[in-house]
Each structure stands twice: as C-alpha cells, then as structure tokens.
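J.: Pasting in a structure now, in structure tokens, and then I'll have a few things to ask.
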Amino acid sequence: MSVLVIAEHDHRRLFPATRHAVFAAQQLGLDVDVLVAGCDCRDVAVSATALAGVRSVLLAEAAHYAAQTAENLAALVAAQAGPYSHVLTSASAFGKNLLPRIAALLDVEQVSDVCRILSADTFVRPVYAGNALATVRNANAKKVLSIRAAAFSAVEEGGNGTVLEIAASPDLGLVEVLRRDRRDAGRAELGLARVVVAGGRGVGSCDDFNRLLTPLADKLGAALGASYGAVSAGYAAPDLQIGQTGKIIAPDLYVAVGISGAIQHLAGIKDAKIIVAINKDPEAPIFKVADYGLVADLFEAVPALVAALG
C-alpha cells in the first residue's frame, strides 16, 4: 500500500499547503508519492522530490492541464489510483473542488477536512460547525481524504525522490477557463498564515476595508481575511472568507476588525492561538472568545494601531 498526494501549484512553484499534505500522508506509515499535473511544470516536480519522505513524483504535462480544471485532473488521478490505498490533498478550494470528483470516479466515500490521522483507516474530522470532533473509520479499499493543512506541520526538505513521467489523460473538454484573477501573490497564504488580519461588515465599504486593513496587515506581515458578512456585502473577495463555509485557519495571532463573531465565523478561527477583537459593540459575541478585546470605533482604533506599530 502507498499514498498519492496531489500537488497544488501554479506551474512555477509548489504551494505550501502541499508540504502540509505530505506531512499528513506520512502519518499513515506508508510510502508517499506526489502527483504533479500541469503545463511546463517540471521545476515543480523537481522541488517536490526534495520533500523529506517522498518516494517519487509522478509528472503529467499537457496543455489542457494549464487551467488545472478539476474535471481533467480528477480523470488523471482516477487513472493513476490503482496502486494506491490513499489519495489526498489539502482541504483548500483546490482540494474541495477536486476530491469529490475523484471519490465519485472511484465509487468511494470521501473523508473531508481530516485534522488527525489515527491509523490507515481511522481519522478525526470536525462536525457541527467545528464544535465537536468525530472519529470516523473508512472501510473502503481506497481512501480519499482532504487534509486540514493548518492541523499538520509542513514537511521539511531533504528528500531524494525521483521524477517519473506519466501519460496525460485525454482532455475532456467539459470546462473552459475564461479568466483567472490572482490576488496579492506577495502576501502570506490565508489558510497557513501565522498572522491574519480580518474585517467584517462593520468596516463599512470595500474602500474602507482596503484603506484600513491593508496597512495593518502590512505592518504585521499578515494575511488578509474577511467574515461572511464582509464578503456578502462586497467588501472583500470570496477567497478571503473565513469560517464554516470559507477557510479554516489556525494562526498564532488573529486580529478581527468589525467582526461580530457569528458561530459560522468562530468555527473557522477556534484554533487560533491569540485572538484580538476590535468592535464598538461591547456585546459582540467575538469578545467571548477573544484573548484581548478593544471596545472602540474601528475607524479611529485601526489607524492609531498602525501608527503605534511604526
């Protein structure tokens, strides 16, 4: 038995979430291979061979993998899944889009958002909006797992795996990508950032969201996030949403600005080590979980905090 980890990348670099997924795969006690599918992405495959514990990297290159559409990738993974007992990747937007399709093609149940691996067939995952943890046993011959990256360490380098070229699956032609917008590639990845600054509906507008929170995030070297309320109001992009239906994070420091603290949002930040909340409503639920709370007008408090940070 062995494990296949699906690499997340942009054809130039391996995304950090893959390092966490490889670490999780190693907890199974089996040989670990990594699949890199893309276009002109050999450098990504070579960097994956350097991850400690990786036996080999399967490299599939074709023009129709340039867009990284889930339909084409799922067909490729299903075709390569024969020798593997486990197929996994991170529970990012990439993984949430891809893994259910793989599970359907393999006719097995997926185990989602795994935060602990107890054995080759037993896993821990959150339920009830993260308010409880369930231990589940999967008896399928093949296990398809999405991994909560923040719950696992990142694997170090030091490996000496080999690159094995594999044949690409045919282009299914089911999806055409018309445009892809990439946001602030120089900022830390939200799901894995050590510091996160997030804004809620109380920030008031898209302009104020950027005007107030970007300087604070820059001072702290933080990733930017948002509540569901801020996203639904159009203040922030959907990929910044934190919570039960967004990203689950576990930073060392989480700064919540103008966020009331609905239960769906709290489910996404419960593993943060230190929570700082700024809100003018002293009864806001966020203060019940905050380590430090400031009852103040955010339009005055945030600029003052930025100034104090120099």
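The values are calculated or read from the model by the stated rules, or taken from the named source; none is laboratory data. From a predicted model like this one, the values you see are computed outputs, not experimental measurements. Because the Cβ atoms are built from the backbone with ideal geometry, glycine has one as well, and the counts that use them run over all protein chains shown. Surface accessibility is based on the protein's heavy atoms, side chains included, excluding ligands, DNA and RNA. Shrake-Rupley method; radii C 1.70, N 1.55, O 1.52, S 1.80 Å.
J.: Does residue 291 satisfy the condition of being at pLDDT below 95 and under 23 Å from residue 131 (Cα atoms)?
T.: Judged against the criteria, residue 291 is not a match.
J.: Which one is most open to solvent (accessible area, probe 1.4 Å), of the residues in region 230-264 that are part of a helix (DSSP H, G or I) and under 19 Å from residue 217 (Cβ atoms)? Break it down into steps so the answer makes sense when it comes.
T.: Step one: filter region 230-264 for residues part of a helix (DSSP H, G or I), giving 230-232, 238-240, 263-264.
Okay, now just the ones that are also under 19 Å from residue 217 (Cβ atoms), so 230-231, 238-240.
Numbers: 230: 0, 231: 25, 238: 101, 239: 69, 240: 37 Å².
For region 230-264, the residue satisfying everything is 238.
J.: Same structure again: When residues of region 151-206 are filtered for being touching a strand residue (DSSP E or B) at 6+ places or on another chain (Cβ under 9 Å) and of a type in the set (Asp, Glu), how many remain?
T.: The qualifying residues number 5.
J.: Specify which of the listed residues (235, 254, 228) is in contact with a Cys (Cβ under 9 Å, 6 or more places away or on another chain) and outside the structural domain of residue 126 (by the TED database). Explain how you work it out, then say what you get.
T.: Details: 254 fails: in contact with a Cys (Cβ under 9 Å, 6 or more places away or on another chain); 228 fails: in contact with a Cys (Cβ under 9 Å, 6 or more places away or on another chain).
Only one candidate passes the filter, namely 235.
J.: May I ask you to say which residue of 95, 82 is among the small types (Gly, Ala, Ser) and surrounded by 22 or more Cβ atoms within 10 Å (Cβ to Cβ)?
T.: Details: 82 fails: surrounded by 22 or more Cβ atoms within 10 Å (Cβ to Cβ).
Going through 95, 82 in turn, just one is among the small types (Gly, Ala, Ser) and surrounded by 22 or more Cβ atoms within 10 Å (Cβ to Cβ): 95.
J.: Just to be sure I understand, how many residues within region 139-158 are farther than 16 Å from residue 14 by Cα and surrounded by 15 or more Cβ atoms within 10 Å (Cβ to Cβ)?
T.: 11
J.: Checking the conditions here, which among 154, 150 is in a loop (DSSP other than H, G, I, E, B) and either in contact (Cβ under 8 Å) with a residue 40 or more places away in the chain or not hydroxyl-bearing (Ser, Thr, Tyr) (or both)?
T.: The conditions single out 154.
J.: Going through region 1-36 one residue at a time, which ones are small (Gly, Ala, Ser), under 24 Å from residue 188 (Cα atoms) and not in a helix (DSSP H, G or I)?
T.: Within region 1-36, just 7 meets the criteria.
J.: Restricting the first residue to region 216-229 and requiring it to be farther than 15 Å from residue 195 by Cβ, which pairs with a second residue that is among the basic types (Lys, Arg) meet a Cβ separation below 7 Å and a spacing of at least six or different chains?
T.: Cβ pairs passing all conditions: 227/201; 229/201.
J.: Out of everything in region 216-229 that is under 17 Å from residue 306 (Cβ atoms) and either in contact with a Leu (Cβ under 9 Å, 6 or more places away or on another chain) or in a strand (DSSP E or B) (or both), what residue ends up being most open to solvent (accessible area, probe 1.4 Å)?
T.: Per the criteria, the residue is 219.
J.: Ok, one more. Within the bounds of region 22-40, is there any residue that is over 24 Å from residue 154 (Cβ atoms), open to solvent by 10 Å² or more (accessible area, probe 1.4 Å) and of a type outside the set (Phe, Trp, Tyr)?
T.: yes
J.: Further question on the same structure: If you check 178, 105, 133, which single one turns out to be within 30 Å of residue 272 (Cα to Cα), open to solvent by 40 Å² or more (accessible area, probe 1.4 Å) and without any contact (Cβ under 8 Å) to a residue 60 or more places away in the chain?
T.: 133
J.: Moving to a separate point now. Does region 183-194 contain any residue that is more than 30 Å from residue 9 (Cβ to Cβ) and of a type in the set (A, V, I, L, M, F, W, C)?
T.: No, the conditions are met nowhere in region 183-194.
J.: Inside region 265-283, can you point out the residues that are under 16 Å from residue 201 (Cα atoms) and surrounded by 21 or more Cβ atoms within 10 Å (Cβ to Cβ)?
T.: 265, 266, 277, 278, 279
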